[in-house]
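Inspection log for the structure reproduced underneath, given as structure tokens.
Derivation of every value follows stated rules applied to the coordinates shown; laboratory data play no part. Quantities reported herein were computed from a predicted structural model and do not represent experimental measurements. Note that each Cβ is placed from the backbone with ideal geometry, even for glycine, and that neighbours are counted across all protein chains shown.
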Amino acid sequence: MSRIESFKRALNEKRAVKIIAGIDNFNVESVKKVVNAASNSGASAVDICANPDIVAMARSMTDLPLFVSSVEPQELAHAAILGADAIELGNFDALYKKGLTFSASQVLSLVKRTLELLDRDIFFCVTIPGELEIAEQIELARELEDLGIDLIQTEGHFSKDPANGVRGLVERAELTISNTIELTRNVEIPVMTATGINPTTAPLAFAAGASAIGCGSCVNKLDSEISMLAVSKSLVEIAERNAQYTVELV
């Protein structure tokens, strides 16, 4: 089974876990730690930036499906050549910090441009901007589905000053989970829930209908590799329990 086929299987079984190093994480040592945590925990995929050296480094380190994220069509098309198993237009959080925003029409235009540049078929994931009105999100998701996009990723509210403790964790994930519920009701394309997803909120994402979770800061902001591995393993265990529960319901 190819790497991306193994990820698709995890999606179908509603147990996919993508560990995110960060679209703006160009620190080689930091990315290495995230890749190791994802590989050793049994995660379904790891997501990195579009820097060619980091893509080559990650590809040499792991047999996990490798997602490469960017908002630049040329970078995504080049990543497909460099050995990415999947490309992702999105993971916008780092760009929101710089004051950038993305409309539905901008996202759709970037997707179409990327498709024009690709010289081979590759698994393509697109993030739906979390602060669009839900009607716009649904319409964008339907248009992406018509274009043959393989996976959509939800987002939550970006805040520079989140609340502390569990309340902050839940508030950050609340919007992305509600977006997941709405999107899974309106499109057939699988949904990955991201933003604020961690061992506390991951069960809520799967309960909302997610086929996958995208987990970044709860892993990549940790100081030690042991902690990164422990959190990643916890996320994988939650996903495996969801898959088992889903099977029992069928």
Worksheet item: Could you work out the helix-only [θ] at 222 nm for the chain, with each DSSP H run of four or more residues adding -39,500 (n - 2.57) and the total divided by the number of residues, to the nearest 500 deg cm²/dmol?
Response: -16500 deg cm²/dmol
Worksheet item: ³J(HN,Hα) across the range 133-143 via Karplus (A = 6.51, B = -1.76, C = 1.60, θ = phi - 60°), whole Hz, x for Gly/Pro?
Response: 4, 4, 4, 5, 4, 5, 4, 5, 4, 5, 5
Worksheet item: Which value results when the Cα radius of gyration for the chain is divided by 2.2 N^0.38 Å?
Response: 0.91
Worksheet entry | Approximate spin-label separation Lys98-Tyr245, in nm, with each point projected 7 Å along Cα-to-Cβ | 3.9 nm
Discussion item. Could you identify which residue out of Ile128, Ile226, Ile238 has the top mean-square fluctuation in a GNM of the chain using Cα springs shorter than 10 Å?
Written reply: Ile226
Discussion item. Using a Gaussian network model on the chain with a 10 Å cutoff between Cα atoms, which of Val236, Val111, Val28 fluctuates the most?
Written reply: Val28
Worksheet, complete the sentence: GNM on the chain, Cα springs under 10 Å; top mean-square fluctuation among Lys18, Lys98, Lys112 goes to Lys98
Discussion item. Output needed for the range 1-104: three equivalent-ellipsoid semi-axes, defined as square roots of 5 times the C-alpha gyration tensor eigenvalues, in descending order, whole Å.
Written reply: 21, 16, 14
